[in-house]
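Report on the structure given below.
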Amino acid sequence: MKSFLAVFNAFPSILAAVQAVEAAIPVPSAGKQKLDLILGAAGTAWAITQAEQQLSKNTTLNAVEALVNLSVAGLNAAGAFKTTAPVSSN
């Protein structure tokens with residue numbers, strides 16, 4: 001029951017994460033990438049909580065770096081960033 005309540009109580013945060021990813025990646029065919037981004041963030045958060053009960057500055061910065069890398073990779077995979085060819089100086 002305790003695990004059920006922990007997951008159930010996390011639902012508002014999960015819903016907010018889905019809304020944030022949907023707003024950041026307005027690409028209809030990128031559902032898998034969006035899900036992977038949220039699951040990756042949840043996995044990173046879980047791993048950090050398993051490592052330490054109290055987050056140190058270093059652990060916090062490592063978590064932020066992992067989430068940024070995950071976010072950029074997910075956004076790139078979903079096509080959220082438009083890349084253009086470099087401008088030629090000819």
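Okay, here's what the table says:
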{"quantity": "Full-extension gain in nm, residue 36 to residue 20, via 0.36 nm per residue minus C-alpha separation", "calculated": "4.4 nm"}
{"quantity": "Protection proxy ranking, peptides 1-14, 64-77, average beta carbon neighbours within 10 Å, highest first", "calculated": "64-77, 1-14"}
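Read-outs throughout are calculated quantities, based only on the coordinates presented, and are distinct from any laboratory measurement. If you're wondering where the values come from, they're calculated on a predicted model, not measured in any experiment. So basically every Cβ, Gly included, is an ideal-geometry build from the backbone, and we count neighbours across all protein chains shown.
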